[in-house]
Amino acid sequence: MRIELEKRPRQSGTMRILSPVLAFALTILSGAILFALLGQDPVRALYVFFIEPLTASWSVEEILVKASPLIMIGAGLCLCYIANTWNIGAEGQFTMGAIAGSAIPVLFWQWESVWTLPAMFLLGALGGALWAGIPALLKVRFGANEILTSLMLVYVAQLALDWLVRGPWRDPDGFNFPESRLFSAAATVPVLGDGRLHLGFPIAILTGIILAFLLARTLKGFEIRVLGAAPRAGRFAGFSQSGMIVFSFLVSGALAGLAGIIEVAGPIGQLRPTISPGYGFTAIIVAFLGRLNPVGAIVAGLVLAISYIGGEAAQVSLGLTDKVTRVFQGMLLFFVLACDTLILYRIRIAFDRSVQSEADR
Amino acid sequence: MLMEAEAVTKRFGETVANDTVDLAIRPGEIHALLGENGAGKSTLVKILYGALQPDEGILRWKGETLRIGNPAAARTLGIGMVFQHFSLFEALTVAENIALALPGNRKLADLSKEIGAVSARYGLPLEASAIVADLSVGERQRIEIVRCLLQEPDLIILDEPTSVLTPQEAEQLFQTLERLATEGCAVLYISHRLEEVKRLCQSATILRGGRVVATTDPRTETAASLARLMIGEDVGAVVRPDRGTGEGTPRLEVDDLSLPADNAFGVSLKHVSVAVRSGEILAVAGVAGNGQGELFDALSGERLSTRADAIRIDGNKVGRMPINERRRLGAAFVPEERLGHGAVPVFRLSENALLSRHAVGDGLKGSALLHKQGMQAVSENVIETFDVRSGGGDAEARSLSGGNLQKFVVGRELDRSPSLVVINQPTWGVDAGAAALIRQALIDLARSGSAIVAISQDLDEIFEIADRICVISRGELSEAYPAETLPMEEIGLLMAGKAERARTAHATDAPPPVSERPHAD
Amino acid sequence: MIEAVILTIITASTPLLLAAIGELVTERAGVLNLGVEGMMIVGAVSGFAVGLQTGSPLAGIFAAIGAGVALSALFAVLTLVLVTNQVATGLSLTLLGLGLAGMIGEGFVGTPGIRLPRLEIPGLSDLPFVGPILFGQDALVYFSFVLCAGVSWFLFKTRGGLVLRAVGDNHASAHALGFSVLKVRFLAILFGGGCAGLGGAYLSLAYTPQWVEGMTAGRGWIALALVVFASWLPGRLIGGAYLFGAVTILQFHAQAAGLAIPSQVLSSLPYLATIIVLVLISSNRTANRINTPACLGRPFVPDR
């Protein structure tokens, strides 16, 4: 017996929608097994992990807060991955954006104006874009593998942040804690309502919608899709592969950087040695779970935000390690990739030993 | 009988590639397997070579019914195969390539000696330690043949072997095959070149739509009767009205164009000069891998030249212009590879319509937003005019047959009534009906005053459509000769690189311009 | 002092070498597995945990190899059977591996582990300077060299190696000749997984015999870069691994020596060195055109 793939004559529309759902269901199933292995009651654990966070308004709000950076970064990564350029250093661009944007409230903390926050956003996006521009440039100019270089720069960015908050940017009145000074009100992202939800969330939603429109309806989006699907056809259409590498890295880097400054100027309120629970990496999963569609990334960002909050809840009420969250996220990506195969192929279980199904040339 | 296939049926999904096919090959005969693209030849051959298993039917080898489980089993039986798109490994040496097809773990040094012996005996010179990437197409075919011969086969299968050879190389191949046949080795010869088959083969099995439609002695048939059997209907001959005065204005002028190879395996263009006039079709003949792709890239602007005046379109210096600016000057381009170059496989036809036209017109340009109705309209118009069967509306490009997709890709360009067309392998791998339609469309366009450059490896096609012919060899382009005065042997010599030798004999610092260049003969 | 530096360089280089030689074989077969970091860290935690519980470093080593193989099998099923994108699948393997290792290792944080014993050769190991360096290493150091030599011999002197290189060069041709592309790739992926697991075990059993969250610290990624650096040749891999080991160790010693450079700058040196090396190697592409597997990262469906 063996598994054979049979190419569908055209992509399956049903499977396009069904595949992320199926992947999520398989993750839940594997999760149940995992919880059972950890000696938990699977039903209760799953409830705590995935349902309970949706039952209280504070935790729903917290989900939206966590989802904001995931959506913003994930939507940008969709664009990269559709163009078949592999930016996996969003975590570093997030960090660099946070650093660049924080330059204003840390170094020019006296400057409090309505322009403070927009200026920080701009610097944050610029910082992220420049950091992402390095691997793009090295790829275009020297052919250096962008996957490895963008990832290496994550470590460098984190070390840079560490150096700043322990060194030159440490709060002079902070009792030697490795933290920057607290951002002033003018340098803080406004809160919506009276909880923790802030302006970052609507910005993230807007980002997703704009990018989805860009991809589906504009010539630039067409260019991105052509170059990703068939680079030679892209060249035939007069599009530049190198230009696309730079463009997609700059856009996704800028969005990651913006997410970074919003995170430190919003929920955190200052620079610290650690400002992200791996948003930049989780956003990769967001992009794929959202089927590389920025609107899909909005939904996917919410789902993965639940896994963060659920992980914290499971830690508190079940005594489980919050590392379970990472396991869930990893499994989810695995299943998403596996289920996406169903869009292009039909799976057949064959019982005889004949191996290939080969079309006549 | 050496090999028999009886009532072999093979299905892929809903399509029946082979439908109760019978085939019988006698020892020592050269047997032709004829059929159009998509008739099921490759499927049948793969079944005989063990690469595919039949759904129904049986195979008999030397009278014994058996199952050929995989290619290695076929080779052990004594069946060798020379693939059309060679099954070679570019990064490995000749000896390593051959070792891979032989059983057991042989010492490469011993094998090199055997290779030397066989290649000397059959007149197939090979350097055992050479890396395949550095070899010509003809040399690569020799590797495949020597690889078969080393297994002392009783049957050799060759899939379209002459499509990559010069006429002279083809003649050498025929002599090798005839010698093999007299030594008792049977040959199954797959081709659609009917003259070759009549010259070489003693019997022929003809496939159409997956079924055997005839088994015959090709020597008793005419090329026309064989063609009728293959195609099932008379394909209207291409009509070629006389070219007017032949003195139209130059639309495309190439002047001393040189371009280094853009990758380690590429060919560099050397001092290419040619002019194409309004109203004519210039064909560029040549063996695959001699710079055809590079020439196309340079003319289309997918790669820019170093000098702006190396290429002119209607007098405009375009050497440094990107492809879309050349399109705006009225040029259109059709690349060799349909899927992945001329069209995006996973895109619908309407989106593919935009591919080459987003910068040039039809209500599709001038906007950062996509004009969906416009794309739809263009695509429907092309589908209609060029009789593209897309299996229902706006299908994905990859779901179309080769012929239909080629009609779409060609139609998308011709639909703009371009004043210059550069087309690489206009009808490669398409069925006879589509080929005739495309060739006629090119001729009609030329007669209406456009200039056409058709790069092709298919000499039959070239003589069918070309007004003038030049030959590309190792990145050098010969002078263009009027089609009616150029004999086949001369083309063959040019393809084999005679132009280059003639040129080096008269070596000067800069080659003379086109009109003054001495004849290569 | 120099002796101590060289000793630490050897221990820092060995895990890189082990992980990279496995990935080299995987890539030679035409598969890009970006999950090295994930397989390595799962190897590290399994090796540590099993070693600690059984008291046997050898059992830890085998557990680590098994864990690496298991994770890579997951990758193989997805990329080969379900033809998923190799880059994305490799990334997910790394994310999953980091998560799994964190979960398994949670209870072991701060627990002292066991150390792989050094092989002492009476007489030779007591020689001054060369003794401890050449004859006083643990078994895995020697094994890493043997493994490199063995892989080199396999790839270039055996029929199996020839088939593996052929599959990486042109999977369609290999298939047409009747080789099972998927089988060859499956085995190559498993070998890569085992080696990555082993490299991880070296970290938690010899380099620093304890479990620290995220202790691979990008070494899996550096191993991937090393394969490019070595132009897919096992011999050059040794040089590359020791170069990176040296960079890692020298920055530690510079920190210890109290240099006036911020420690973070020194810590970032291995990562910056990786980038620089990639740039230098990549800009000289013609040099290794024959060694770069032509089918690297390209999926194979026996369906066209």
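The values are calculated or read from the model by the stated rules, or taken from the named source; none is laboratory data. Remember, it's a predicted structure, so these values are computed and weren't measured experimentally. Counting neighbours? That spans all protein chains shown, and the Cβs are built from the backbone with ideal geometry, glycine included.
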### Task
Tell me, yes or no, whether region C:168-184 has at least one residue that is part of a helix (DSSP H, G or I), more than 11 Å from chain B (Cβ to nearest Cβ) and farther than 24 Å from residue B:93 by Cβ.
yes
### Task
Residues that are among the charged types (D, E, K, R): find the helices (runs of 4 or more DSSP H) completely inside region B:157-247 holding 2 or more of those.
B:167-182, B:194-200
### Task
From B:356, B:367, grab the single residue that is at the interface with another protein chain (Cβ under 9 Å from one of its Cβ atoms), touching a Phe, Trp or Tyr at 6+ places or on another chain (Cβ under 7 Å) and over 16 Å from residue B:440 (Cα atoms).
B:356
### Query
On the given criteria, is residue B:35 modelled with pLDDT under 90, more than 14 Å from chain C (Cβ to nearest Cβ) and in contact with a Lys or Arg (Cβ under 6 Å, 6 or more places away or on another chain)?
yes
### Summary
Considering region C:62-83, residues that are in contact (Cβ under 8 Å) with a residue 40 or more places away in the chain and within 10 Å of chain A (Cβ to nearest Cβ), and then whichever is nearest to residue C:38 (Cα to Cα), we arrive at C:75
### Query
If residue B:128 passes every condition in (1) small (Gly, Ala, Ser); (2) within 10 Å of another protein chain (Cβ to nearest Cβ); (3) in contact with a helix residue (DSSP H, G or I) (Cβ under 8 Å, 6 or more places away or on another chain) but one, which one does it miss?
(2)
### Condition check for residue B:112: polar (S, T, N, Q), surrounded by 17 or more Cβ atoms within 10 Å (Cβ to Cβ) and out of contact with any Cys (no Cβ under 7 Å at 6 or more places or on another chain)
yes
### Message
Looking at residue B:99 and the list (1) within 24 Å of residue B:42 (Cβ to Cβ); (2) within 14 Å of chain C (Cβ to nearest Cβ); (3) in contact with a Lys or Arg (Cβ under 9 Å, 6 or more places away or on another chain); (4) crowded, with 20+ Cβ neighbours inside 10 Å, which single condition is not satisfied?
### Response
(1)
### Message
For residue B:89, only one of the following conditions fails: (1) hydrophobic (A, V, I, L, M, F, W, C); (2) in contact (Cβ under 8 Å) with a residue 24 or more places away in the chain; (3) over 19 Å from residue B:160 (Cα atoms); (4) in a helix (DSSP H, G or I). What is its number?
### Response
(4)
### Task
Looking only at region B:421-438, decide whether some residue is part of a loop (DSSP other than H, G, I, E, B), within 14 Å of another protein chain (Cβ to nearest Cβ) and of a type in the set (Asp, Glu).
yes
### Query
Filtering region B:18-41 down to residues that are in a strand (DSSP E or B) and under 26 Å from the mean Cα position of the chain (by Cα), which residue is nearest to residue A:10 (Cα to Cα)?
B:18
### Query
Given the residues B:161, B:167, B:153, which is the only one that is at pLDDT below 90 and either surrounded by fewer than 20 Cβ atoms within 10 Å (Cβ to Cβ) or farther than 30 Å from residue B:487 by Cα (or both)?
B:167
#### Entry: Residue satisfying condition, being modelled with pLDDT of 90 or more and surrounded by 19 or more Cβ atoms within 10 Å (Cβ to Cβ), within set B:381, B:352
B:352
### Query
Which residues, counting only those in region C:86-103, are more than 7 Å from chain A (Cβ to nearest Cβ) and out of contact with any Ser or Thr (no Cβ under 7 Å at 6 or more places or on another chain)?
C:90, C:93, C:94, C:97, C:101
### Task
Check every one of the helices (runs of 4 or more DSSP H) wholly within region C:192-304 and list those with 3 or more residues that are among the aliphatic types (A, V, I, L, M) and away from chain A (no Cβ under 13 Å).
C:234-256
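Here's the yes/no breakdown for (1) on the phi < 0 side of the Ramachandran plot; (2) surrounded by 24 or more Cβ atoms within 10 Å (Cβ to Cβ):
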| position | (1), (2) |
| --- | --- |
| A:229 | yes, no |
| A:278 | no, no |
| A:294 | yes, yes |
| A:302 | yes, no |
| A:316 | yes, no |
| A:322 | yes, no |
| A:339 | yes, no |
| A:344 | yes, no |
## Note on the structure
Sole miss for residue A:296 among (1) within 13 Å of the chain's Cα centre (by Cα); (2) within 11 Å of chain C (Cβ to nearest Cβ) is condition (2)
### Query
Name the residues in region B:293-328 that are within 14 Å of chain A (Cβ to nearest Cβ), surrounded by fewer than 22 Cβ atoms within 10 Å (Cβ to Cβ) and among the polar types (S, T, N, Q), would you?
B:324
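Per-residue answers, yes or no, for (1) touching a strand residue (DSSP E or B) at 6+ places or on another chain (Cβ under 9 Å); (2) within 14 Å of chain C (Cβ to nearest Cβ); (3) part of a helix (DSSP H, G or I):
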{"position": "A:147", "(1), (2), (3)": "no, yes, yes"}
{"position": "A:150", "(1), (2), (3)": "no, yes, yes"}
{"position": "A:158", "(1), (2), (3)": "no, yes, yes"}
{"position": "A:176", "(1), (2), (3)": "no, no, no"}
{"position": "A:209", "(1), (2), (3)": "no, no, yes"}
### Message
Scan region C:54-64 and tell me whether some residue there is within 30 Å of residue A:291 (Cβ to Cβ) and crowded, with 23+ Cβ neighbours inside 10 Å.
### Response
no
### Residues satisfying the stated conditions in region B:136-156, i.e. in a helix (DSSP H, G or I) and either in contact (Cβ under 8 Å) with a residue 24 or more places away in the chain or under 24 Å from residue B:43 (Cα atoms) (or both)
B:137, B:138, B:140, B:141, B:142, B:143, B:144, B:145, B:146, B:147, B:148, B:149
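Yes/no matrix, rows are residues, columns are (1) within 10 Å of chain C (Cβ to nearest Cβ); (2) outside any helix (DSSP H, G or I); (3) touching a Lys or Arg at 6+ places or on another chain (Cβ under 7 Å); (4) over 23 Å from residue B:183 (Cβ atoms):
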{"site": "B:16", "(1), (2), (3), (4)": "no, yes, no, yes"}
{"site": "B:43", "(1), (2), (3), (4)": "no, no, yes, yes"}
{"site": "B:47", "(1), (2), (3), (4)": "no, no, yes, yes"}
{"site": "B:74", "(1), (2), (3), (4)": "yes, no, no, no"}
{"site": "B:105", "(1), (2), (3), (4)": "yes, yes, yes, yes"}
{"site": "B:109", "(1), (2), (3), (4)": "no, no, no, yes"}
### Message
Quick check on residue C:277: is it touching a strand residue (DSSP E or B) at 6+ places or on another chain (Cβ under 9 Å), over 30 Å from residue C:62 (Cα atoms) and not small (Gly, Ala, Ser)?
### Response
no
### Message
When you scan region B:134-142, do you find a residue that is within 14 Å of residue B:88 (Cβ to Cβ), among the basic types (Lys, Arg) and surrounded by 17 or more Cβ atoms within 10 Å (Cβ to Cβ), even just one?
### Response
yes
### Query
What residue, among those in region A:231-250 that are under 24 Å from residue A:301 (Cα atoms) and surrounded by fewer than 23 Cβ atoms within 10 Å (Cβ to Cβ), is nearest to the chain's Cα centre (by Cα)?
A:250
### Task
Tell me, yes or no, whether region B:105-117 has at least one residue that is touching a Pro at 6+ places or on another chain (Cβ under 7 Å) and touching a residue at least 24 places away in the same chain (Cβ under 8 Å).
no
### Message
So, residue A:116, is that one farther than 25 Å from residue A:192 by Cβ and either hydroxyl-bearing (Ser, Thr, Tyr) or within 13 Å of the chain's Cα centre (by Cα) (or both) or not?
### Response
no
